[in-house]
Amino acid sequence: MNTSNKIPSVDFRKDEQPELGFEVLRIEDLFHKIQDKENLEHDSDLPHKLNFFIIFFITEGSSEHFIDFKWYPYQENSMLFIARGQVQAFKFTSQVKGWCLFFTEEFFHEQLLSIDPTIVQRLYNYQLFSPVLTHSAEESGIEEYFKMAFKEYHTPEATGKKDILQALCKAILIKAERIRQTTSIKIEENQYYEIFSEFKRLVESEYTTNRNAAFYAEKLFITYKHLNTICKEMVGKTAKSYIDAYIILEAKRLLVSSNLKTNEISDQLGFDEPTNFVKFFKKETTFTPKQFKSGFRKQDPGDSNIT
(Lines give C-alpha, C1' and ligand atoms only; values in the text may rest on other atoms or scores of the structure.)
Protein backbone atom coordinates (compact mmCIF):
# COMPACT_ATOMS: atom_id res chain seq x y z
CA MET A 1 0.00 0.00 0.00
CA ASN A 2 1.20 3.49 -0.80
CA THR A 3 2.25 5.19 2.44
CA SER A 4 3.49 8.42 0.89
CA ASN A 5 1.64 11.66 1.52
CA LYS A 6 0.82 11.84 -2.17
CA ILE A 7 -0.68 9.44 -4.65
CA PRO A 8 1.84 8.08 -7.15
CA SER A 9 2.30 9.46 -10.63
CA VAL A 10 2.60 6.49 -12.98
CA ASP A 11 4.74 6.61 -16.12
CA PHE A 12 4.45 4.47 -19.22
CA ARG A 13 6.20 1.10 -18.87
CA LYS A 14 9.74 1.27 -20.20
CA ASP A 15 10.84 -2.30 -19.60
CA GLU A 16 9.20 -3.84 -22.66
CA GLN A 17 9.53 -2.43 -26.21
CA PRO A 18 9.76 1.20 -24.98
CA GLU A 19 10.49 2.46 -28.49
CA LEU A 20 6.91 1.73 -29.53
CA GLY A 21 5.24 3.99 -26.97
CA PHE A 22 2.42 1.44 -27.05
CA GLU A 23 1.43 -1.70 -25.17
CA VAL A 24 -1.55 -4.06 -25.37
CA LEU A 25 -2.49 -6.56 -22.65
CA ARG A 26 -5.31 -8.88 -21.76
CA ILE A 27 -7.20 -7.49 -18.77
CA GLU A 28 -6.91 -10.83 -16.98
CA ASP A 29 -3.09 -10.58 -17.29
CA LEU A 30 -3.21 -7.03 -15.97
CA PHE A 31 -5.39 -8.23 -13.07
CA HIS A 32 -2.75 -10.79 -12.06
CA LYS A 33 -0.05 -8.11 -12.18
CA ILE A 34 -2.16 -5.83 -10.00
CA GLN A 35 -2.54 -8.62 -7.44
CA ASP A 36 1.24 -8.98 -7.23
CA LYS A 37 1.57 -6.07 -4.79
CA GLU A 38 5.18 -6.81 -3.87
CA ASN A 39 6.47 -6.22 -7.40
CA LEU A 40 4.45 -3.05 -8.05
CA GLU A 41 5.76 0.43 -7.42
CA HIS A 42 2.23 1.53 -6.53
CA ASP A 43 -1.02 -0.05 -5.41
CA SER A 44 -3.15 0.02 -8.56
CA ASP A 45 -6.47 -0.28 -6.74
CA LEU A 46 -5.63 2.97 -4.95
CA PRO A 47 -5.76 6.30 -6.81
CA HIS A 48 -2.78 7.16 -9.01
CA LYS A 49 -2.16 9.78 -11.68
CA LEU A 50 -1.43 8.69 -15.25
CA ASN A 51 1.30 10.06 -17.49
CA PHE A 52 -0.06 8.16 -20.51
CA PHE A 53 -3.38 7.21 -22.15
CA ILE A 54 -5.50 4.07 -21.71
CA ILE A 55 -8.32 2.35 -23.58
CA PHE A 56 -10.06 -0.60 -21.90
CA PHE A 57 -12.42 -2.92 -23.76
CA ILE A 58 -14.48 -5.22 -21.51
CA THR A 59 -15.58 -8.54 -23.04
CA GLU A 60 -16.81 -10.26 -19.85
CA GLY A 61 -17.82 -9.24 -16.35
CA SER A 62 -18.71 -5.95 -14.71
CA SER A 63 -17.27 -3.65 -12.07
CA GLU A 64 -16.46 0.06 -11.76
CA HIS A 65 -13.48 2.33 -12.32
CA PHE A 66 -12.38 5.43 -10.39
CA ILE A 67 -11.68 8.37 -12.73
CA ASP A 68 -11.09 11.94 -11.51
CA PHE A 69 -12.82 11.46 -8.14
CA LYS A 70 -15.90 9.62 -9.46
CA TRP A 71 -16.74 5.92 -9.80
CA TYR A 72 -17.99 4.83 -13.24
CA PRO A 73 -19.73 1.43 -13.60
CA TYR A 74 -19.00 -0.69 -16.66
CA GLN A 75 -20.14 -4.02 -18.05
CA GLU A 76 -19.63 -6.41 -20.95
CA ASN A 77 -18.95 -4.56 -24.23
CA SER A 78 -17.94 -1.35 -22.45
CA MET A 79 -14.97 0.76 -23.47
CA LEU A 80 -13.22 3.12 -21.04
CA PHE A 81 -11.13 6.10 -22.15
CA ILE A 82 -8.68 7.53 -19.61
CA ALA A 83 -6.44 10.46 -20.53
CA ARG A 84 -2.98 11.50 -19.46
CA GLY A 85 -3.15 13.57 -16.27
CA GLN A 86 -6.33 11.97 -14.95
CA VAL A 87 -6.47 10.26 -11.56
CA GLN A 88 -7.67 6.66 -11.67
CA ALA A 89 -7.97 3.49 -9.59
CA PHE A 90 -8.79 -0.07 -10.61
CA LYS A 91 -11.50 -2.29 -9.19
CA PHE A 92 -10.92 -5.32 -11.39
CA THR A 93 -12.04 -8.78 -10.35
CA SER A 94 -11.06 -12.17 -11.72
CA GLN A 95 -14.38 -12.25 -13.60
CA VAL A 96 -13.53 -9.18 -15.69
CA LYS A 97 -11.92 -10.01 -19.03
CA GLY A 98 -11.02 -8.02 -22.10
CA TRP A 99 -8.24 -5.88 -23.51
CA CYS A 100 -6.31 -2.77 -22.55
CA LEU A 101 -4.20 -0.43 -24.65
CA PHE A 102 -1.59 1.85 -23.10
CA PHE A 103 0.11 4.53 -25.17
CA THR A 104 2.29 7.57 -24.62
CA GLU A 105 1.45 11.17 -25.39
CA GLU A 106 3.85 11.05 -28.35
CA PHE A 107 2.06 8.00 -29.79
CA PHE A 108 -1.28 9.72 -29.10
CA HIS A 109 -0.34 12.84 -31.04
CA GLU A 110 0.98 10.76 -33.93
CA GLN A 111 -2.59 9.46 -34.26
CA LEU A 112 -3.89 13.02 -34.51
CA LEU A 113 -1.73 13.55 -37.60
CA SER A 114 -3.47 10.75 -39.48
CA ILE A 115 -7.11 11.10 -38.42
CA ASP A 116 -9.60 13.86 -37.75
CA PRO A 117 -8.39 15.27 -34.37
CA THR A 118 -11.96 15.95 -33.28
CA ILE A 119 -12.54 12.18 -33.09
CA VAL A 120 -9.98 11.83 -30.31
CA GLN A 121 -11.09 15.07 -28.66
CA ARG A 122 -14.64 13.75 -28.36
CA LEU A 123 -13.63 10.32 -27.06
CA TYR A 124 -11.52 11.92 -24.33
CA ASN A 125 -13.87 14.86 -23.62
CA TYR A 126 -14.93 14.14 -20.04
CA GLN A 127 -16.91 17.40 -19.78
CA LEU A 128 -19.39 16.36 -22.48
CA PHE A 129 -19.24 12.57 -22.60
CA SER A 130 -18.88 9.78 -20.08
CA PRO A 131 -15.48 8.03 -20.17
CA VAL A 132 -17.44 4.77 -20.46
CA LEU A 133 -18.89 3.78 -23.82
CA THR A 134 -21.11 0.67 -24.01
CA HIS A 135 -22.26 -0.93 -27.24
CA SER A 136 -23.13 -4.16 -29.03
CA ALA A 137 -20.02 -6.18 -29.84
CA GLU A 138 -21.79 -7.83 -32.76
CA GLU A 139 -22.44 -4.48 -34.37
CA SER A 140 -18.95 -3.06 -34.03
CA GLY A 141 -16.57 -6.03 -34.45
CA ILE A 142 -14.06 -3.89 -32.55
CA GLU A 143 -12.59 -6.76 -30.55
CA GLU A 144 -10.90 -8.11 -33.69
CA TYR A 145 -8.71 -5.00 -33.81
CA PHE A 146 -7.62 -5.55 -30.20
CA LYS A 147 -6.79 -9.16 -30.97
CA MET A 148 -4.73 -8.16 -34.02
CA ALA A 149 -2.94 -5.48 -32.00
CA PHE A 150 -2.14 -8.01 -29.28
CA LYS A 151 -0.76 -10.51 -31.80
CA GLU A 152 1.29 -7.84 -33.59
CA TYR A 153 2.66 -6.40 -30.34
CA HIS A 154 3.90 -9.83 -29.24
CA THR A 155 5.43 -10.72 -32.62
CA PRO A 156 9.21 -10.40 -32.08
CA GLU A 157 11.32 -8.20 -34.36
CA ALA A 158 8.56 -7.70 -36.90
CA THR A 159 9.14 -5.28 -39.77
CA GLY A 160 6.92 -2.22 -39.60
CA LYS A 161 5.50 -3.17 -36.21
CA LYS A 162 4.95 0.42 -35.05
CA ASP A 163 3.24 1.36 -38.33
CA ILE A 164 0.85 -1.57 -38.02
CA LEU A 165 0.11 -0.84 -34.36
CA GLN A 166 -0.58 2.80 -35.21
CA ALA A 167 -2.96 1.70 -37.98
CA LEU A 168 -4.79 -0.65 -35.61
CA CYS A 169 -5.00 2.01 -32.90
CA LYS A 170 -6.35 4.43 -35.50
CA ALA A 171 -8.99 1.86 -36.51
CA ILE A 172 -9.99 1.35 -32.86
CA LEU A 173 -10.38 5.10 -32.28
CA ILE A 174 -12.46 5.58 -35.44
CA LYS A 175 -14.61 2.55 -34.63
CA ALA A 176 -15.12 3.85 -31.09
CA GLU A 177 -16.20 7.25 -32.38
CA ARG A 178 -18.65 5.54 -34.74
CA ILE A 179 -20.08 3.66 -31.74
CA ARG A 180 -20.29 6.86 -29.71
CA GLN A 181 -22.24 8.56 -32.47
CA THR A 182 -24.84 5.78 -32.46
CA THR A 183 -25.13 5.41 -28.66
CA SER A 184 -24.78 8.99 -27.39
CA ILE A 185 -26.69 12.17 -28.01
CA LYS A 186 -24.98 13.85 -30.94
CA ILE A 187 -23.85 16.89 -28.99
CA GLU A 188 -21.52 17.95 -31.79
CA GLU A 189 -24.55 18.64 -33.96
CA ASN A 190 -25.65 21.26 -31.45
CA GLN A 191 -25.18 24.75 -32.89
CA TYR A 192 -23.06 25.65 -29.87
CA TYR A 193 -20.66 22.68 -29.99
CA GLU A 194 -17.76 24.34 -31.82
CA ILE A 195 -17.92 27.52 -29.71
CA PHE A 196 -18.04 25.50 -26.47
CA SER A 197 -15.10 23.35 -27.61
CA GLU A 198 -13.05 26.48 -28.23
CA PHE A 199 -14.14 27.88 -24.85
CA LYS A 200 -12.99 24.64 -23.20
CA ARG A 201 -9.63 24.84 -24.97
CA LEU A 202 -9.17 28.46 -23.92
CA VAL A 203 -10.00 27.71 -20.28
CA GLU A 204 -7.47 24.87 -20.20
CA SER A 205 -4.72 27.15 -21.52
CA GLU A 206 -5.63 30.42 -19.75
CA TYR A 207 -7.23 29.49 -16.41
CA THR A 208 -4.11 30.23 -14.36
CA THR A 209 -4.05 33.83 -15.56
CA ASN A 210 -7.76 34.60 -15.98
CA ARG A 211 -10.88 33.17 -14.31
CA ASN A 212 -13.22 35.89 -15.60
CA ALA A 213 -15.92 34.54 -17.92
CA ALA A 214 -16.19 37.90 -19.67
CA PHE A 215 -12.54 37.55 -20.73
CA TYR A 216 -13.35 34.29 -22.56
CA ALA A 217 -16.48 35.74 -24.13
CA GLU A 218 -14.36 38.55 -25.57
CA LYS A 219 -11.82 36.04 -26.87
CA LEU A 220 -14.64 34.18 -28.59
CA PHE A 221 -16.13 37.40 -30.04
CA ILE A 222 -19.47 36.80 -28.33
CA THR A 223 -21.31 38.42 -25.44
CA TYR A 224 -21.02 37.24 -21.87
CA LYS A 225 -24.74 36.45 -21.93
CA HIS A 226 -24.39 34.33 -25.05
CA LEU A 227 -21.46 32.41 -23.55
CA ASN A 228 -23.61 31.63 -20.51
CA THR A 229 -26.40 30.42 -22.78
CA ILE A 230 -23.97 28.11 -24.60
CA CYS A 231 -22.52 26.65 -21.38
CA LYS A 232 -25.97 26.05 -19.89
CA GLU A 233 -27.04 24.28 -23.07
CA MET A 234 -23.90 22.12 -23.29
CA VAL A 235 -23.05 21.26 -19.67
CA GLY A 236 -25.84 22.72 -17.55
CA LYS A 237 -23.59 25.33 -15.94
CA THR A 238 -22.87 29.00 -16.32
CA ALA A 239 -19.52 29.91 -17.87
CA LYS A 240 -18.23 31.02 -14.47
CA SER A 241 -19.34 27.76 -12.84
CA TYR A 242 -17.63 25.76 -15.59
CA ILE A 243 -14.36 27.68 -15.08
CA ASP A 244 -14.56 27.22 -11.31
CA ALA A 245 -15.26 23.49 -11.66
CA TYR A 246 -12.25 23.09 -13.92
CA ILE A 247 -9.99 24.88 -11.44
CA ILE A 248 -11.30 22.72 -8.58
CA LEU A 249 -10.53 19.55 -10.57
CA GLU A 250 -6.98 20.75 -11.25
CA ALA A 251 -6.60 21.70 -7.58
CA LYS A 252 -7.76 18.24 -6.46
CA ARG A 253 -5.32 16.56 -8.83
CA LEU A 254 -2.45 18.64 -7.49
CA LEU A 255 -3.48 18.11 -3.86
CA VAL A 256 -3.51 14.33 -4.12
CA SER A 257 -0.69 13.76 -6.61
CA SER A 258 2.03 16.13 -5.44
CA ASN A 259 3.93 17.18 -2.35
CA LEU A 260 3.24 20.84 -3.09
CA LYS A 261 2.18 22.98 -0.15
CA THR A 262 -1.09 24.89 -0.26
CA ASN A 263 0.68 28.17 -1.01
CA GLU A 264 2.59 26.52 -3.88
CA ILE A 265 -0.61 25.09 -5.38
CA SER A 266 -2.28 28.47 -4.94
CA ASP A 267 0.54 30.10 -6.88
CA GLN A 268 0.53 27.41 -9.58
CA LEU A 269 -3.22 27.91 -10.10
CA GLY A 270 -2.82 31.67 -10.40
CA PHE A 271 -4.25 32.90 -7.10
CA ASP A 272 -2.81 36.13 -5.71
CA GLU A 273 -2.89 34.90 -2.11
CA PRO A 274 -3.08 31.42 -0.56
CA THR A 275 -5.97 32.59 1.63
CA ASN A 276 -7.98 33.37 -1.50
CA PHE A 277 -7.35 29.88 -2.82
CA VAL A 278 -8.38 28.29 0.49
CA LYS A 279 -11.59 30.34 0.60
CA PHE A 280 -12.37 29.48 -3.04
CA PHE A 281 -11.73 25.76 -2.52
CA LYS A 282 -13.85 25.61 0.63
CA LYS A 283 -16.68 27.53 -1.02
CA GLU A 284 -16.77 25.06 -3.92
CA THR A 285 -16.19 21.81 -1.96
CA THR A 286 -17.08 22.63 1.70
CA PHE A 287 -13.56 21.45 2.64
CA THR A 288 -10.28 23.28 3.01
CA PRO A 289 -7.49 21.96 0.76
CA LYS A 290 -5.83 20.42 3.83
CA GLN A 291 -9.05 18.68 4.89
CA PHE A 292 -9.61 17.34 1.38
CA LYS A 293 -6.09 15.99 1.12
CA SER A 294 -6.19 14.44 4.60
CA GLY A 295 -9.61 12.88 4.07
CA PHE A 296 -8.62 11.48 0.68
CA ARG A 297 -5.58 9.77 2.24
CA LYS A 298 -7.47 8.21 5.13
CA GLN A 299 -10.43 6.77 3.27
CA ASP A 300 -10.96 4.39 0.43
CA PRO A 301 -12.03 6.56 -2.51
CA GLY A 302 -15.14 4.49 -2.97
CA ASP A 303 -16.30 5.12 0.59
CA SER A 304 -15.21 8.73 0.90
CA ASN A 305 -17.69 11.58 0.76
CA ILE A 306 -14.85 14.03 0.45
CA THR A 307 -14.32 13.39 -3.25
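The values are calculated or read from the model by the stated rules, or taken from the named source; none is laboratory data. Fair warning: this is a prediction, and the values are worked out from it, not measured in the lab. When we count neighbours, we look across all protein chains shown, and the Cβ atoms used for this are built from the backbone with ideal geometry, even at glycine.
Side notes on the structure shown:
- Checking segment 140-156 against the condition returns no match, with no residue being at positive phi, surrounded by 13 or more Cβ atoms within 10 Å (Cβ to Cβ) and at pLDDT 85 or above.
- Within segment 270-304, the set of residues being at pLDDT 95 or above and either among the hydrophobic types (A, V, I, L, M, F, W, C) or not assigned by TED's automatic domain parsing to the domain that holds Thr209 (or both) comprises Phe271, Phe277, Val278, Phe280, Phe281.
- Filtering segment 179-190 for residues that are at pLDDT 85 or above, surrounded by 17 or more Cβ atoms within 10 Å (Cβ to Cβ) and assigned to a helix (DSSP H, G or I) leaves an empty set.
- Filtering segment 84-100 to residues that are in a loop (DSSP other than H, G, I, E, B) and within 14 Å of Phe52 (Cα to Cα) leaves Arg84, Gly85, Gln86.
- Looking across segment 197-237 at every residue that is hydrophobic (A, V, I, L, M, F, W, C) and in contact (Cβ under 8 Å) with a residue 40 or more places away in the chain, the one that is surrounded by the fewest Cβ atoms within 10 Å (Cβ to Cβ) is identified as Val235.
- Contacts under 8 angstrom Cβ, first residue in segment 269-294 being in contact (Cβ under 8 Å) with a residue 60 or more places away in the chain, partner buried (at least 16 other Cβ atoms within 10 Å of the Cβ) and part of a loop (DSSP other than H, G, I, E, B), 6 or more apart: Leu269/Tyr207; Gly270/Tyr207; Gly270/Arg211
- Any hit, segment 230-244, residues being at pLDDT below 95 and acidic (Asp, Glu): yes
- Residue check, Leu260 assigned to a loop (DSSP other than H, G, I, E, B) and either modelled with pLDDT under 95 or more than 21 Å from Glu273 (Cβ to Cβ) (or both): yes
- The number of residues in segment 201-238 that are assigned to a loop (DSSP other than H, G, I, E, B) and more than 21 Å from Ser266 (Cα to Cα) comes to 7.
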